[in-house]
Each structure stands twice: as structure tokens, then as C-alpha cells.
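Taking it in order: structure first as C-alpha cells, then the write-up.
The values are calculated or read from the model by the stated rules, or taken from the named source; none is laboratory data. If you're wondering where the values come from, they're calculated on a predicted model, not measured in any experiment. Here the Cβ is made from the backbone with ideal geometry for all residues, glycine too, and neighbour counts use every protein chain on show. Surface areas here come from the heavy atoms of the whole protein model, side chains and all, with no ligands, DNA or RNA. Shrake-Rupley method; radii C 1.70, N 1.55, O 1.52, S 1.80 Å.
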Amino acid sequence: MRPYVKVVALAPLLMVAEVAADLLQPRLMQTIVDTGIANRDMSVVARMGLLMLGLAFLGMLCGLLNTLLIVPMAQGFGADVRGALYRKVQSLSVRNLDSLGTGNLITRLTNDATQVQDALLSLLRICIRAPLTLLGSMVLAVLTCPSLAFILLAVMPVLAFVVFEFFKKSHPMFTRVQDRLDRLNSVTQENIAGVRVVKAFARADYEQSRFQDANRSLTSGTARAMQFTATVMPLMMLVIDAAVAAAIWFGGREVSYGTLKVGQVVAFTNYLQRTLMSLRMVAMVLVRLSRAGASGGRIAEVLNSEPDVQDAPRARTEFSPRGRVGFEHVTFRYKGAQDPALDSISFVAEPGQVLAILGATGSGKSTLVHLITRFYDAESGRVTLDGADVRDLLQTELRRHIGIALQESVLFSGTIRDNIRYGRPEASDGEVMAAARIAQAQGFIAALPDGYDTLLGQRGVNLSGGQKQRIAIARALLVRPAVLILDDSTSSVDVETEARIEKALREAMRSSTSIVIAQRISTVLNADKILVLDGGRLVAEGTHRRLIVESPLYREIYDSQLGDRPPIA
Ligand SMILES: Nc1ncnc2c1ncn2[C@@H]1O[C@H](COP(=O)(O)OP(=O)(O)O)[C@@H](O)[C@H]1O
Ligand SMILES: [Mg+2]
């Protein structure tokens, strides 16, 4: 948190001055009535009137200055909260993020942070002012007319009770509102991300109604909470007005008996009003706070979540591996899953080798490579890089030596060049082009009007699936990784281009390790070692020549894809 020292010191002083100016007003009024008007002394009326005006102006000035000081502070606090949340989210593991959910995180980063920020603002505005006004006007009321103090005593508990009950009821209401907002955000996000599927399957009506449900439930929840808030304010005003009426009634009687002066009753009524109004102010801030409390809880939940992939206390920071990847009886289970996604996997991939992983969807191929990059940590067993347990390396250091093209190629908005050098922004144009050439992306990039400066994303061009995949491969290559991982990265590329990528990769990756996940058996034929996964277990391992003889599952996959072609050497 930033140092807000100056504001912290000055703002309360301004508030005290504002309250003092405000509390003097009824006193001056009393003098006007009892000294000025009663004696028909217009000079007193004029002097006191001017003083009142001056004080009102001073009070307003202090209030204004105070707000001017406080607004940037509350905004700064909001920015800090968002910053802290964002930093935290970056530090969380993939598993943490899986369970928090994206829609949810966005709500917390935006709406919840704003709620807390606004609550802080209103809290800062009145934190000193309301209690001080409450106390000051109460004391002054009693001092002005001790005989009328019983009215205050009667009304205060009633109002305090209303405020308390109100807070108790509104808090869960606002928590519900935030949860519903979450739901709406999740639904919206899914709809928009999946817009092609929605259109393709003509489910717009269904999605519309799903959205409507979430939207309506948010609307009704918010309306209920706000209606509740709305009923309580007039109720409080009624109590306050009744108290004022009582003050005038009992005060008037005392004036007629001659025990009180008119000015005293006027001043008392004023103080009474101020006392009760400041209570009302407290109630209003409590609304804000109860709403912000719900948001604050949700923010705290993120800030307090422990990243479940962490750097070891004495993690190695200097490391230049050759790229030997080892799995030793590695078992891994996703949270809440019964069966392990990987079951006691052991293998070794040597530098210079191409290791291919084959298996049906859901057999655990992606999970396996995600353990190398430490997106997840093994439940038991060890994953090693050049013999070192990946958990003993600094995450950033480990990942610096791994180039990965994920199964879903995610590109960012920006130029093609910036996308390719995302992992090594200092790479030269020559290096960018060399990587693109290996990934067989050079051709289509050169054909674009702006070439490497072509803008992708929101306001730029859209690439085909296969083109995106090739840019993702170039991006992985550019970091000059010791281990290159391609997770089904040529699935949308035609077979000939794929063969050319494979050939160029073999040249480029002669001294490092390549791990290639593929659906097509043609992709893996030339690999130095092929792993066949089935339901999280490693069922066969070897070269094509060996597996075609030894592994029934491999032969089955082979026959289903290439069976009618003459066998390849
Ligand atoms: N984030 C996740 N949370 C829970 N289960 C998952 C997650 N990702 C994958 N799985 C499950 O783990 C198994 C292996 O998935 P995956 O490694 O993606 O298979 P493949 O890449 O071979 O298609 C599947 O049963 C899948 O449903
Ligand atoms: Mg996969």
C-alpha cells in the first residue's frame, strides 16, 4: 500500500474544522432569536447572520478540501487493490485458476474492487465527521435545554436498533447480489467466447434465455436489496421528524411557562436534528460497508489463496540444461478426480531426440507435458530436467529453457512479430524470421500486406487455425529452448506442410529435446521414441518398428489411419 501520510494527517483536521463550524450555527441562531429579535436589535441579527454565513462558507470549504484530498486516496486504494489482485492471479498456479474460474476473477478485479474503493471513500468522508457531529450536537443539545434531554434518550435507542437490524439484514442480501453478478459474468463470458458454436448449433434462443435467467436473477436480487435500503431511510426520517415535533411541543410549553427561551428551543431542535441526521449518515455508510464487506471477502479469498505450485526456498536460479527430460513413476490426479490422469509414468527423453506421445483424447498427453513446465506438480514420483527435480528449480528459470506450443494456440493482439518474440522480446528480426521459416510460417506471413507488422486480434486480421498454430510453433522455437514441446500443434496444418515442419525442426533441434504430441500417426513415424498412453498409463514405448510388432494398441491406431497404405520403412 502506498504511503498516504499527508492525507491521513490533513483530512481529519479539515473534518474537525467542518464539524466545529457546523456545530456553532445553532448557537448563533439562538443569539439571533433571543438577543437580536427579542430586543429588536437589528445590529445583532446582522452581525450574527454574517457570522453564520461566514462559518457556513468556511465549513463548506473544509468539506470540499477534505473531499478533494480523499478522492485520490480512495481511488489510489482501489488501484492498489486491483494491482495486488492482478499480481496474485499471476502468481497462482493453473490449478488455483481452474478452481477460481475466469469470469469470477474478472468480477473480483473490477466490480468488487470498485465496491471496496467506493466504500472507503464514503467511510473516509464521514469517519470522523459523523461521530464527532453525533457527540458534539448531543452534548450541546443537553447543555442548551437540559429539560428536553429525555427526547434524545427516548429516540436514540430506537434509531440505533433500526440501524443495527438493517445492517444485519442487508449484508447477506448484498453478498447474494455479488454472487449473482459473478454468475452473469460467467454466462456472458462463455456465450461470447463460444459465439461460433452458439451460431453453428442455432442455440441463440437457448443462450439468450440462459443469459436472461442470470440477468433477471441479478436484477431482482439487486432491486430487493435496494428496496430494503430504500424503506429504511424514510423510516428513520419519520422517527427524526417525530422527535423534532416532540421537541417543539415540549419546548413550546416550556417557553409559555417562561422556563425556556424561544432561541434555546430553536437551537435544541437544530442540535437534535443534527444528532439524528448523523446517525442516519452512519446507517448509509453501513449500507455501503455491508456491500463492500461482501466484496472485500471475495477479494480476500483470492489474496489469501496459496499458489499450490511454488518456488522452493532454495530454488536453483542458474541452470543451463541440455534438455534431458525424465519421468520417474509420476502419478498425477486433478482436483476432485477419482482416477489419476497419469498413473506411474516413467520414461526418459535424451537431448537430440524426438519423443512422440500418442494416445486417444483424454489419455493424459497434455497433462504429461504440463508437469514438465510445472503448470501442475506431480502427486508422487519425480519429473526431472537434466537430472534435477523440476521442483528444485526457480519456475521462471525452468520455463526459460522450455519452449511450448499449447494445444490451443493463444495469440495476443499486436503484430505478428511481437507475437513470435513474446518469449524473448529482445530477439532480432533475423531470429524472428528464422523461427518463422522453421515453423513454415514465412510464406503466409510474407503474403500478408503488412508482413510481420500485420496486426492480429481485436482490430487486426484473423488467422486460420493452422496459421495460428505455426506462429505458436515459431514463438516456442524463438526462445531457443532446451526442451521444445508441441502439443498437437500441427493438427490444423496440412500433412505436407507438417512433414516440412518436422524436417526443419529436426535440423534446428539437433542438440535439444523435442516432445511432440500428435493425433496423426504420420507425425510420429520418424520419432526416436514413441510413448503410447491409454487412460493415463504408459502402455508401450519404443520406435515405430518395434511398436508395430509389439503393441496391439499401436497397431490398431496405425491400421485405422494408414492401414491401406504400403508400410513406410
Ligand atoms: N483442468 C482439468 N481439470 C480436471 N480434469 C482435467 C483437466 N484437464 C484435463 N483433465 C482430465 O484429465 C484427463 C487427461 O486429459 P488430457 O491430458 O488433456 O488428455 P489429452 O491431452 O491426451 O487429450 C482427461 O480425462 C481430462 O478429462
Ligand atoms: Mg491434449
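General observations
- Checked against the criterion of being farther than 21 Å from residue 491 by Cα and open to solvent by less than 30 Å² (accessible area, probe 1.4 Å), the candidates 354, 330 yield just one match: 330.
- Checked against the criterion of being out of contact with any helix residue (DSSP H, G or I) (no Cβ under 9 Å at 6 or more places or on another chain), within 16 Å of ligand 2 (Cβ to nearest atom) and either assigned to a strand (DSSP E or B) or farther than 30 Å from residue 169 by Cβ (or both), the candidates 366, 344 yield just one match: 366.
- Scanning segment 406-419 for residues that are farther than 25 Å from residue 365 by Cα and open to solvent by less than 70 Å² (accessible area, probe 1.4 Å) yields 414, 415, 416, 417, 419.
- Within segment 198-216, the set of residues being surrounded by 12 or more Cβ atoms within 10 Å (Cβ to Cβ) and either among the aliphatic types (A, V, I, L, M) or within 18 Å of residue 170 (Cβ to Cβ) (or both) comprises 198, 204, 214.
- Residue that is nearest to ligand 1 (Cβ to nearest atom), among those in segment 517-526 that are surrounded by fewer than 24 Cβ atoms within 10 Å (Cβ to Cβ) and either modelled with pLDDT of 90 or more or assigned to a loop (DSSP other than H, G, I, E, B) (or both): 519
- Across segment 164-218, the number of residues qualifying as under 19 Å from residue 297 (Cα atoms) and of a type in the set (Lys, Arg) comes to 5.
- Residues (surrounded by fewer than 23 Cβ atoms within 10 Å (Cβ to Cβ) and within 16 Å of ligand 2 (Cβ to nearest atom)) located in segment 456-475: 465
- Of everything in segment 369-405 that is assigned to a helix (DSSP H, G or I), away from ligand 1 (no atom under 16 Å from the Cβ) and within 15 Å of residue 484 (Cβ to Cβ), the residue that is most open to solvent (accessible area, probe 1.4 Å) is 400.
- The single condition from (1) surrounded by fewer than 18 Cβ atoms within 10 Å (Cβ to Cβ); (2) under 20 Å from residue 481 (Cβ atoms); (3) basic (Lys, Arg) that residue 537 fails is (2).
- Matching residues in segment 479-493 - criterion: being within 12 Å of ligand 1 (Cβ to nearest atom) and at positive phi: 488
- Among the conditions (1) farther than 30 Å from residue 181 by Cα; (2) open to solvent by 60 Å² or more (accessible area, probe 1.4 Å), residue 364 misses just one, which is (2).
- Hey, residue 531 within 15 Å of ligand 2 (Cβ to nearest atom) and either crowded, with 21+ Cβ neighbours inside 10 Å or over 18 Å from residue 404 (Cα atoms) (or both) or not: yes
- Restricting attention to segment 347-368, the residues that are farther than 14 Å from residue 530 by Cα and more than 9 Å from ligand 1 (Cβ to nearest atom) total 2.
- Checking residue 408 against (1) within 16 Å of ligand 1 (Cβ to nearest atom); (2) in a loop (DSSP other than H, G, I, E, B); (3) in contact with a Leu (Cβ under 8 Å, 6 or more places away or on another chain), the condition it does not meet: (3)
- Candidates 101, 78, filtered to the one that is at positive phi and either touching a residue at least 60 places away in the same chain (Cβ under 8 Å) or crowded, with 17+ Cβ neighbours inside 10 Å (or both): 101
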